[in-house]
Amino acid sequence: QVQLVESGGGLVQAGGSLRLSCVASGIALSFNGVGWFRQPPGKQRELVGGIASGGNTNYANSVKGRFTISRDNAKNTAYLQMDSLKSEDTAVFYCNVYSNGYSYWGQGTQVTVSS
């Protein structure tokens, strides 16, 4: 059974940093790409960025230069390092893995940035 568990969210002041973690079980992140998404209050879920199985990363323009995605294969964990946070980054953040026709999601972690 595949399970993704996010953690690391919380309340932070604008300009601060947070690191989110996505711990996977039942699936090897080293062989699959991982996407990070977020859903701001009252808005649709949007892609923040992702890391491919080979390690290449890509980011939404809104977070480029501020957010960094990485992966620790030994811990089967993906990370989203968020720096220079803005109030508009307030959202529930989710990690996602798409593998063999299935899309797996974590439960999400709330990030609130106060201005």
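The values are calculated or read from the model by the stated rules, or taken from the named source; none is laboratory data. Here the structure is a predicted model, which means the values were calculated and not measured. Because the Cβ atoms are built from the backbone with ideal geometry, glycine has one as well, and the counts that use them run over all protein chains shown.
Among the numbered conditions (1) touching a Cys at 6+ places or on another chain (Cβ under 7 Å); (2) modelled with pLDDT under 95, the only one that T77 does not meet is (2). Checked against (1) more than 13 Å from the chain's Cα centre (by Cα); (2) in a strand (DSSP E or B); (3) surrounded by fewer than 15 Cβ atoms within 10 Å (Cβ to Cβ), Q110 passes all but a single condition, namely (1).
Has the range 34-43 got at least one residue that is within 16 Å of G9 (Cβ to Cβ) and more than 12 Å from the chain's Cα centre (by Cα)? Yes; the residues of the range 34-43 include at least one that is within 16 Å of G9 (Cβ to Cβ) and more than 12 Å from the chain's Cα centre (by Cα).
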